[in-house]
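Here's the structure, in structure tokens; my notes come after.
The values are calculated or read from the model by the stated rules, or taken from the named source; none is laboratory data. On a predicted model such as this, the values are computed, not experimentally measured, just so you know. For neighbour counting, all protein chains shown are included, and Cβ atoms are generated from backbone atoms with ideal geometry for every residue, glycine included.
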Amino acid sequence: MEVHGWYNVSLRQAPIYPEFAPEGAPKDAFDLQDPAFRDFIVNEIVEFATRYEVDGINLDYIRTDGVSFSPTARELYRKKYGKDIDELKDQNSPEVRQRFLEWQEAAVSDIVRRVSEGVKAVRPKAVISISGHPKPKPALDVQGRNEWLWVERGWVDVVYDMDYGRVPNINVLERVRLVSSHPERFAKVLGNYERREGRAVPREPELVARQMEYFLRKFPGRGIGLYIYSMLSEEQIQALQAGPFKEAAVASWE
């Protein structure tokens, strides 16, 4: 068994660290445009990897969750571009749109780069992974989550394509891999649950097994994941053991 620390970077589900979620920041999120927050989260993750002999770090919610109009974001945007950040509310020109995408990218990439470099310095064999929805290069994401870019720059070892629907998407991940310099670093993660009447319930074991088997055949040797453990039923385990996981799995990076 491997142990990977899992961090929901921007998600703020409780009234904690109010200094990193000021007025103007995205709702229920920390302000990734604040360099102080980026210092805080990077230091937390690197300290965790230093203290514990983990096999890797997974970055989830590694995105801005919107656009920050906090006082810090306003000041830094004006210093960088000489413009008022309120121009991002309309984005009515290609120039403004490009500034917006670069602005979001820089903040999130700063965290990914520093986490990768910091963790690798203390755990050289640690696997840095991303839970995301990868897009083909060279497109930049509106929330700064640019998995292809982090792979190209060597900061990330594995990108998980979170695809939990009853009908998983095939074409997007194929396009991502087709244009990537490291197609082997992108892995599919399927869901094993449904939401019915406002609550999560385990998905039919036959469907879970068929989906897993399909993607293992379509993308051999690329690895695959299943989300979420709390919904993993005994019936699903039996179906997987009788079908796609008759043989022992081996981590692709080994």
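Do we find a residue being small (Gly, Ala, Ser) and touching a residue at least 60 places away in the same chain (Cβ under 8 Å) anywhere in region 12-19?
Within region 12-19 (the criterion being small (Gly, Ala, Ser) and touching a residue at least 60 places away in the same chain (Cβ under 8 Å)), the answer is no, since none of the residues qualifies.
Can you run down the residue pairs with Cβ atoms below 8 Å, 6 or more apart or on separate chains, where the first is in region 75-102 and touching a residue at least 24 places away in the same chain (Cβ under 8 Å) and the partner is β-branched (Val, Ile, Thr) and in a helix (DSSP H, G or I)?
That search, which allows pairs on different chains as well, returns 77/85.
If you scan region 220-229, which residues turn out to be surrounded by fewer than 15 Cβ atoms within 10 Å (Cβ to Cβ) and either in contact (Cβ under 8 Å) with a residue 24 or more places away in the chain or of a type in the set (Val, Ile, Thr) (or both)?
221, 228
How many residues, within region 164-176, are in contact (Cβ under 8 Å) with a residue 24 or more places away in the chain and in a helix (DSSP H, G or I)?
The qualifying residues number 4.
How about region 114-162: which of its residues are crowded, with 20+ Cβ neighbours inside 10 Å, among the charged types (D, E, K, R) and not in a loop (DSSP other than H, G, I, E, B)?
Listed by number, the residues that qualify are 147, 161.
Inside region 1-60, can you point out the residues that are among the polar types (S, T, N, Q), assigned to a loop (DSSP other than H, G, I, E, B) and touching a strand residue (DSSP E or B) at 6+ places or on another chain (Cβ under 7 Å)?
Within region 1-60, just 10 meets the criteria.
When the residues of region 181-216 are narrowed to those that are part of a strand (DSSP E or B) and of a type outside the set (A, V, I, L, M, F, W, C), which ends up nearest to the chain's Cα centre (by Cα)?
Within region 181-216, the match that is nearest to the chain's Cα centre (by Cα) is 188.
Consider only pairs whose beta carbons are under 7 Å apart and that are at least six residues apart or on different chains; among these, list those whose first residue lies in region 192-219 and is farther than 30 Å from residue 178 by Cα and whose second residue is among the hydrophobic types (A, V, I, L, M, F, W, C) and at pLDDT 95 or above.
194/201; 200/231; 202/231; 205/239; 206/239
Based on this model, can you work out whether residue 232 counts as closer than 25 Å to residue 58 by Cβ, over 20 Å from the mean Cα position of the chain (by Cα), without any contact (Cβ under 8 Å) to a residue 60 or more places away in the chain and surrounded by fewer than 20 Cβ atoms within 10 Å (Cβ to Cβ)?
Spelling it out, residue 232 is indeed closer than 25 Å to residue 58 by Cβ, over 20 Å from the mean Cα position of the chain (by Cα), without any contact (Cβ under 8 Å) to a residue 60 or more places away in the chain and surrounded by fewer than 20 Cβ atoms within 10 Å (Cβ to Cβ).
Only one of 172, 108 is closer than 21 Å to residue 33 by Cβ and among the β-branched types (Val, Ile, Thr); which?
On inspection, the qualifying residue turns out to be 108.
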